[in-house]
Amino acid sequence: MINIAGVISIILFYILILGVGIWAGRKKESGNDSEEEVMLAGRNIGLFVGIFTMTATWVGGGYINGTAEAIFRYGLVWCQAPFGYSLSLVFGGIFFANKMRQQGYITMLDPLQDSFGSRMGGLLFLPALCGEVFWAAGILAALGATLSVIIDMDHRTSVIFSSCIAVFYTLFGGLYSVAYTDVIQLFCIFIGLWMCIPFAWMNEHVKPLSSMDVDWIGSVDSKELWYYIDYGLLLVFGGIPWQVYFQRVLSSKSAGRAQILSYVAAFGCILMAIPPVLIGAIAKSTNWNETQYKGPWPLTVEETSMILPMVLQYLTPDFVSFFGLGAVSAAVMSSADSSVLSASSMFARNVYKLIFRQRASEMEIIWVMRVSILVVGVLATIMALTIPSIYGLWSMCSDLVYVILFPQLLMVVHFKDYCNTYGSLAAYIIAFVVRISGGEPLMGLDPFIYYPGFDYEEQRQLFPFRTMAMIFSLVTLITVSYGTKILFESGTLAPGYDIFNCVVNIPEDIQRVSELQEDGEQMSVMAAGMNKMYGAANTMVGKDERNGRINPALEADDDIPAGEVKKLQQGLAEKNDIQTSF
């Protein structure tokens, strides 16, 4: 029987979120429907909201449910996500946030398309898209299961209802709505879970956490050490190349603030992990067969995946569990809206515009993004309702983000002169093949290479083949790029064989992502009174004749006054006019 009080509490909570989302959407500058305004909130996210929305990059439904489950099943030492994702924010801030924000990019794929061309960027879009869509679908499915446990609501109804709310306010306000609802949602997560902990801890069926019978710390066997390190590196460096993170970085007012927000959010991730860690430890200390729980004992894998809602349901009073339920719902919506907006932004800009409709207007791109939000929301909802192995799909895609996107993003941000499209394509193929070769148990995909140390009992690879695939990808990208450069520039291969037009056969009319388009492909934003030029790479006209890229000597820097930048631009324009006259 449906718990009416629980349903009412969920409806009230959703009304609150929807109201905040619509209010935040009204902060969008009236009449301004540019890409920056909708996708990046006009690069005007304040410090307070920025901290919360950056923390919400990883703190969501999967984060709190997965943390509690990891503590219950394996112990604290195997709960790597809070530490791994916190370090990913730190490293992202150190090595990527400053450079990406200084260049004024709009999505994570912009520098990739700038270096490798729009079509290769479209290929790199696939793992990023699948990761975002499967993540949204997975957490929506988890929410449905949670509501069915606590208030006996049909999981299909709850998934559809939650998805509709998240899609509606995201559609209405873009990143403004996503960012401001993140503030409410993180408060709900923190307060809701902390309210539940004292009641669960004091339940008569829970043993003291210090009891010798309870091992919630766990241990790592020597044979599992490389497996442990592999997953740690996956979380740290595989947690960087996600649009949900760069969505926040690129929306910051300045490059320096983007870095600060990354560091503060890293601390926020650790802080927000404390309640689910305690809930997982409490669940480990509970005699479940003595509670009102009537399911299988010992708990099966299906039950342990729902360990957090089970604690709320069976170890706390009803009125307290409803607050916890609001926390879980908030966490899910915090992740779902970000993923939907991220996938839609990348499709509208990096696929539709830069591949199919280079001359599309700003308004056309915004409408494509809005349609994409609806499509992605519907896809995620359908997957959440129909695919039983949705977490397996997301796990595979997150691995592909690590082995494919991370090395390529690293190279184009820091060493773009040492890579080209040939290397990118070869690295993509190598990384994909090596990762698939290891199989994926959650998807029922058997390995076709059994690496050293394979655990036949649990059917898992203990060899760090994911990190090996990432390293192979990085080495392939560098070596193939260098090799093709030597072959073409030495004349061993004729220019006509440069089919990707990226070494010597560069057409006169080729346009890079970072160049200024007639219709304003990337806007330069002059901050009044600050003498700063955001999106420096976007404002330069003309190219270095040798490689078709922007003349590095004319790239604007935060230290160059806007007036000087204008003089440089005028001088270059005059030079181009003289060359044209000849």
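Where a number appears in this text, it was derived from the coordinates with a stated rule and is not lab data. All values derive from a computational prediction rather than experimental measurement. Methodologically, a virtual Cβ is constructed for each residue, glycine included, from the backbone with ideal geometry; neighbour enumeration extends over all protein chains shown.
Quick notes
- Separation of alpha-carbon centers, segment 363-391 and segment 109-174, rounded to whole Å: 6 Å
- Sorting the segments 115-128, 472-485, 296-309 by their mean number of nearby beta carbons within 10 angstrom, highest to lowest, gives 115-128, 472-485, 296-309.
- Whole-Å semi-axes of the ellipsoid equivalent to segment 343-472 (Cα gyration tensor, √5λ, descending): 33, 23, 9
- Dividing the Cα radius of gyration of segment 321-416 by its Kirkwood radius returns 1.06 for Rg/Rh.
- For the peptides 53-63, 333-343, 355-365, 315-325, the ranking by packing is 333-343, 53-63, 315-325, 355-365, with the highest mean count of neighbouring Cβ atoms within 10 Å listed first.
- Quotient of the Cα radius of gyration of segment 4-386 and 2.2 N^0.38 Å, N being its number of residues: 0.98.
- Ranking F246, S329, C79 by Cα position along the charge dipole of segment 4-386, where only Lys, Arg, Asp and Glu carry charges on their C-beta atoms, puts F246 farthest toward the positive end.
- Which of C397, C419 has the fewest Cβ neighbours within 10 Å, and the rest in rising order: C397, C419
- Segment 241-306: radius of gyration over Cα atoms, expressed as a fraction of 2.2 N^0.38 Å: 1.80
- The mean sequence distance of close C-alpha pairs (under 8 Å, at least 6 residues apart), as a share of the length of segment 4-386, puts its relative contact order at 39 percent.
- Kirkwood hydrodynamic radius over Cα pairs of segment 129-204, then Stokes diffusion coefficient at 25 °C and 0.890 mPa s, in µm²/s: 170 µm²/s
- Taken over the C-alpha atoms, segment 172-249 has Rg and Dmax values of 19.6, 54 angstrom.
- Segment 4-386, dipole about Cα centre (Lys/Arg Cβ +1, Asp/Glu Cβ -1), debye to the nearest 20: 1000 debye
- Rg(Cα)/(2.2 N^0.38 Å) for segment 1-134, N = residue count: 1.36
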